[in-house]
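J.: The structure follows.
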Amino acid sequence: RKEVEQDPGPFNVPEGATVAFNCTYSNSASQSFFWYRQDCRKEPKLLMSVYSSGNEDGRFTAQLNRASQYISLLIRDSKLSDSATYLCVVKRGNTGKLIFGQGTTLQVKP
Amino acid sequence: EPEVTQTPSHQVTQMGQEVILRCVPISNHLYFYWYRQILGQKVEFLVSFYNNEISEKSEIFDDQFSVERPDGSNFTLKIRSTKLEDSAMYFCASSDYGRNSSSDTQYFGPGTRLTVL
């Protein structure tokens, strides 16, 4: 079983749509949780950290459910520029090691 | 905004050759990492480095791999005898926390695309 699992998609949505991505992680010792964004052939860039209380950054909302080992990302009012691969990432252990999911591809169309 | 830089952006080498990938982390960061991403696959952790020593390494990071911080600014990944399956994008990352903080952020460099022929 993969340690971090995501639906690879692709998700094809029109501009203005709301889209939600889900992710599950298998190791209950995971300590920190993140969503990164990766554009084609580029480096991962931090989108937002994810906290148990849920957190919002503009059009983006992230949720963490530790009991279910489940992480979500909601994007409201999708823009063309949101087209990318969204990586669910967990940090485990005391060395800062990040464990990545396969990524979910989003394509926003006009 | 400070950023992680990596050179070269693309390295082509023959199987069996040694390669050195170079990274300049963000200047006040103390924790350094290498990851790799084979085309079409997920990003995979290779090694973490703190206080001039490896703090964790993955199964991928075998005896053919080594890391070094030769001076105060560079962080290098060496592959002694490259194999075809080493072809991938190699990302360097750095952070200013890493061990016990839940709010640390790892900043990634733009990557070096390694092609082994």
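J.: Using DSSP, restrict attention to beta bridges with both residues in chain B and report what percent are antiparallel, rounded to the nearest 5.
T.: Numbers: 35 of 39 bridges.
Here the antiparallel bridges make up roughly 90 percent for chain B.
J.: For chain B, give the magnitude of the charge dipole about the Cα centre (Cβ charges: +1 Lys/Arg, -1 Asp/Glu; no others), in debye to the nearest 20. Each step should come with its number before you reach the end.
T.: Working: 10 positive and 15 negative charges, 46 e Å.
Here the size comes out at about 220 debye.
J.: Sort A:48-54, A:2-8, B:34-40, A:101-107 for me by packing, meaning the mean count of neighbouring Cβ atoms within 10 Å per residue, highest on top.
T.: Values: A:48-54: 15.0, A:2-8: 16.6, B:34-40: 18.1, A:101-107: 21.4.
So the peptides A:48-54, A:2-8, B:34-40, A:101-107, ranked by packing, come out A:101-107, B:34-40, A:2-8, A:48-54.
J.: While we're here: Return the average number of partner chain Cβ atoms within 10 angstrom of each residue Cβ along peptide B:54-60. Please list the in-between numbers first.
T.: Values: counts 1, 5, 5, 2, 1, 0, 0.
Averaged over the peptide's residues, the number is 2.
J.: log10 I(q)/I(0), Debye, Cα-only the stretch B:1-72, no solvent, q = 0.12, 0.14, 0.22, 0.28 Å⁻¹?
T.: Per q value, in the given order, log10 I(q)/I(0) is -0.37, -0.52, -1.28, -1.56.
J.: Which value results when the Cα radius of gyration for the stretch A:42-102 is divided by 2.2 N^0.38 Å? Provide the component values of the computation, followed by the final result.
T.: Details: Rg = 12.6 Å, N = 61, 2.2 N^0.38 = 10.5 Å.
Working it through for the stretch A:42-102, the quotient is 1.20.
J.: So what are the ³J(HN,Hα) numbers for the stretch A:6-13, from phi and the Karplus equation (6.51, -1.76, 1.60; θ = phi - 60°), rounded to whole Hz, Gly and Pro as x?
T.: Result, rounded to whole Hz: 9, 6, x, x, x, 9, 10, 10.
J.: Residue by residue, what Karplus-based ³J(HN,Hα) values in Hz, rounded to whole numbers, does the stretch B:49-57 have, using 6.51, -1.76 and 1.60 with θ = phi - 60° and x for Gly and Pro?
T.: 3J(HN,Hα) across the stretch B:49-57, in whole Hz: 9, 8, 6, 6, 8, 6, 9, 7, 9.
J.: Could you work out which residue, out of A:C23, A:C40, A:C88, moves most in a Gaussian network model of chain A, that is, has the largest mean-square fluctuation with Cα springs under 10 Å?
T.: A:C40
J.: Across peptide A:34-46, how many C-beta atoms of other chains are within 10 Å of each residue C-beta, on average?
T.: Values: counts 2, 0, 3, 0, 3, 0, 0, 6, 5, 15, 9, 2, 4.
If you average over the peptide's residues, the count of other-chain Cβ atoms is 4.
J.: In addition: For a quick check: with amide H placed at 1.01 Å from N, whose amide H comes under 5 Å from A:F33's, ignoring anything fewer than 5 positions away on the same chain?
T.: Placed amide hydrogens put A:V50, A:K91 under 5 Å from A:F33.
J.: Moving on. At q = 0.09, 0.13, 0.17 Å⁻¹, work out log10 I(q)/I(0) for the protein assembly as shown with the Debye formula, treating every Cα as an identical point scatterer and leaving solvent out; two decimals please.
T.: Reported log10 I(q)/I(0), two decimals: -0.37, -0.77, -1.23.
J.: Something else: Averaged across A:85-97, how many Cβ atoms of other chains sit within 10 Å of each residue's Cβ atom?
T.: Values: counts 0, 0, 2, 0, 3, 0, 5, 0, 4, 6, 13, 19, 12.
Rounded to a whole number, the mean comes out at 5.
J.: From the cross-link list A:K45/B:K42; A:K42/B:K78; A:K42/B:K42; A:K2/A:K42, which pairs have alpha carbons spaced over 18 Å apart?
T.: Details: A:K45/B:K42 14 Å; A:K42/B:K78 22 Å; A:K42/B:K42 13 Å; A:K2/A:K42 23 Å.
Too far apart for the 18 Å limit: A:K42/B:K78; A:K2/A:K42.
J.: Can I ask one more? How compact and how long is the stretch A:1-94, expressed as Rg and Dmax of its alpha-carbon atoms in Å?
T.: 13.1, 41
J.: Could I ask something else about it? Quick one: Karplus J couplings for the stretch A:24-38, per residue in order, coefficients 6.51, -1.76, 1.60, θ = phi - 60°, nearest Hz, x for Gly and Pro?
T.: For the stretch A:24-38, the Karplus curve yields 10, 10, 9, 9, 5, 7, 4, 10, 9, 9, 9, 10, 10, 10, 10 Hz.
J.: Quick one: Cα centre-to-centre distance for the stretch A:1-63 and the stretch A:69-110, in angstrom?
T.: First find each Cα centre; the distance between them is then 3 Å.
J.: Using unit Cβ charges (K, R positive; D, E negative) and no other charged atoms, how large, in debye to the nearest 20, is the dipole of the protein assembly as shown about its Cα centre?
T.: On the way: 24 positive and 25 negative charges, 58 e Å.
In debye, rounded to 20, the protein assembly as shown gives about 280.
J.: For the protein assembly as shown, list the cysteines whose Cβ sits under 4.7 Å from no other cysteine Cβ?
T.: That list is A:C40.
Throughout, read-outs are computed from the coordinates displayed, never taken from laboratory work. Just so it is clear, the model here is predicted, and its values are computed rather than measured. Here Cβ is always computed from backbone atoms with ideal geometry, including for glycine, and neighbour counts include all displayed protein chains.
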